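Remarks on the structure that follows.
Nothing in this text is a laboratory measurement; each read-out follows from the coordinates by a stated rule. Only a predicted model underlies this, so the values are computations on that prediction, with no experimental measurement involved. Glycine also receives a Cβ, built like all others from the backbone with ideal geometry; neighbour counts cover every protein chain displayed.
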Amino acid sequence: MVLTRNFRETIQARAKKDPAYREAMLTEAVDSFLSGDVDVGKALLRDYIKATVGFETLSRQINKPSKSLHRMLSPSGNPGAHNFFEILSCLQNNEGLELVVTARHHSDTGLCDTAL
């Protein structure tokens, strides 16, 4: 079976025409970071950046070299809190949205509490 479009091209095409899809992509990336799955969060954030603003434009907007951004969000990279939140703030501004965190008790999510 031959694929007619590259997967990345499909994601980029959908992201360009669907604001809700872009919002979901960014939200899922941040959710992954918050749940402790940093590797998945970085991968999703890379995909979001590639599908929307691009690394070159983002690097100009936050005044950081594009190669540094690629390195920070690579599988072995570590963006650090300051850089991560600077990237996230810029992406939210570009998208015209504000992500918020809502606190829930473990019992509300079905997660079990562990005793220390």
For the chain, size of Cβ-based charge dipole, Lys and Arg +1, Asp and Glu -1, in debye: 660 debye
Between the Cα axis of helix 80-95 and the main Cα principal axis of the chain, the angle (0 to 90°, nearest 10) is 60 degrees
If you line up the long axis of helix 7-17 against the longest principal axis of the chain, both from Cα atoms, how many degrees apart are they, to the nearest 10? 90 degrees
Angle between the Cα long axis of helix 38-51 and the longest principal axis of the chain, 0 to 90 degrees, nearest 10? 30 degrees
In what order do Asp47, Asp18 fall by count of nearby beta-carbon atoms within 10 Å, going from fewest to most? Asp18, Asp47
For the chain, what number results from the quotient of the Cα radius of gyration and 2.2 N^0.38 Å? 1.19
